[in-house]
Amino acid sequence: MTPLRIIPNQDVCKLLGLQDTTMLGIAIKSGKFEPNIGVAFEPGEIDNKHWIVKVYEDRLNAWLGKGGNHEK
């Protein structure tokens, strides 16, 4: 089993037309991607000071291949 490849947030934001990691995190947490493309933890959720967002290549590719629906 191969590990999931994480795509840099800056690249994902550019690809999806999102302003920054915060906007990406909010979109993931609010269920804007179906199927889900990754995980997001808002500040304070796990003793973190900033958004922690991980987008997985396989999941993003699956979402893009299905003509995923994302509302900006």
Has region 25-44 got at least one residue that is in contact with a Cys (Cβ under 8 Å, 6 or more places away or on another chain) and open to solvent by 50 Å² or more (accessible area, probe 1.4 Å)?
no
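Of all the residues that make up region 15-24, how many are closer than 26 Å to T2 by Cβ and open to solvent by 60 Å² or more (accessible area, probe 1.4 Å)? Don't jump to the end; show me each part of the working.
Here is the first cut: in region 15-24, the ones closer than 26 Å to T2 by Cβ are 15-16, 21, 24.
With open to solvent by 60 Å² or more (accessible area, probe 1.4 Å) added as a condition, the list becomes 15.
Within region 15-24, residues that are closer than 26 Å to T2 by Cβ and open to solvent by 60 Å² or more (accessible area, probe 1.4 Å) number 1.
The values are calculated or read from the model by the stated rules, or taken from the named source; none is laboratory data. Here the structure is a predicted model, which is why all the values come from computation and not from measurement. Cβ coordinates were reconstructed from backbone atoms using ideal geometry, including for glycine residues, and neighbour counts include every protein chain displayed. Side chains are part of the model used for accessible areas, which takes the heavy atoms of the whole protein and leaves out ligands, DNA and RNA. Shrake-Rupley method; radii C 1.70, N 1.55, O 1.52, S 1.80 Å.
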